[in-house]
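What follows is one structure encoded as structure tokens, with my remarks underneath.
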Amino acid sequence: MIEDVKLTQHFSFYEATQSRQFPGLVETNRRVGIQKLPRLVLGACLLEDLRAVLGVPLEVHSWLRFSELNGAVGGSTISQHLFGEAIDFSPLGPDNYESIERAFAICRNHLYAKELMFGQMIVEHGKERNSRKHWIHLSLGHPFRPIQKCRQVLRYENGVYTFLEQMDLRPWIL
Ligand SMILES: [Zn+2]
């Protein structure tokens, strides 16, 4: 059995590898996922930053998913969740359209203003999972994604992804 370990002050390896929907797959997820520890730490650092700016603890819905777990939740076959590079979370508290949109706006402003690197940030509505209907998907950017596909902001609603913007990439291009 893999022991739990802290990634950062507020996030742990167990939290990054849990699944409330498929508890029977969690142990394998942890055994396979321990190799992704460095990526999980990087994601946890981003989360710490957003947690501070939002001013509330974050509830992690889904983070690392080995292939079987990813398939079980209906994740994309090229999902960054497979590599521990993407996190679905929401601020602790109500689960509704307004609350997640408010959090999304705050995260978006922060990532922009602080020139933080990330892959995609998607505000997602209405695909109920882990008894939550609204959350933010955030993935690691360069060097885990091609630079030209980084700092993308999208919305998922009524089964459709809408591209909102790509933030400035100049700080990362020589
Ligand atoms: Zn996700």
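The values are calculated or read from the model by the stated rules, or taken from the named source; none is laboratory data. Remember, it's a predicted structure, so these values are computed and weren't measured experimentally. All Cβ positions, glycine included, derive from the backbone under ideal geometry; neighbour counts span all protein chains shown. Heads up: the accessible areas ignore ligands, DNA and RNA and are worked out on the full protein's heavy atoms, side chains in. Shrake-Rupley method; radii C 1.70, N 1.55, O 1.52, S 1.80 Å.
Using a probe radius of 1.4 angstrom, the carbon and sulfur fraction of the accessible surface of the chain is 55%.
For the pair Ile2 and Gln148, the difference between a 0.36 nm per residue extended length and the Cα-Cα distance amounts to 48.9 nm.
So for segment 13-172, averaging the separation of alpha carbon pairs under 8 Å that are six or more residues apart and normalising by length, what relative contact order in percent results?
About 18 percent, as a whole number.
Per-residue Karplus couplings for segment 75-86, computed as 6.51 cos²θ - 1.76 cosθ + 1.60 with θ equal to phi - 60°, are listed in order as x, 4, 5, 10, 4, 5, 4, 4, 10, x, 9, 9 Hz, Gly and Pro entered as x.
Just the number: Rg to Rh for segment 115-171, Cα atoms, Kirkwood Rh, two decimals.
1.04
Within the chain, the whole DSSP H helices whose Cα atoms reach 15 Å or more along their own axis and whose mean Kyte-Doolittle score is at least 0.5 are 37-54.
Fully extending the segment from Ile173 to His110, taken as 0.36 nm per residue of separation minus the present Cα-Cα distance, adds 20.6 nm.
For Thr28 and Gln166, a Förster radius of 41 Å and the Cβ-Cβ distance give a FRET efficiency of 0.70, rounded to the nearest 0.05. Centroid-to-centroid, using Cα positions, segment 138-172 and segment 1-15 are 27 Å apart. Looking at the chain, the accessible area is 50 square angstrom per residue; that uses a 1.4 Å probe and ignores ligands, DNA and RNA.
The percentage of C-alpha pairs in the chain whose separation is greater than 25 Å is 28%. Its Cα centre serving as origin, segment 13-172 has a Cβ charge dipole (Lys and Arg +1, Asp and Glu -1) of approximately 320 debye. Simple rule: put +1 on each Lys or Arg Cβ and -1 on each Asp or Glu Cβ in segment 13-172, find the dipole, and look at Leu37, Val153, Gly74; the Cα lying farthest toward the positive end is Leu37.
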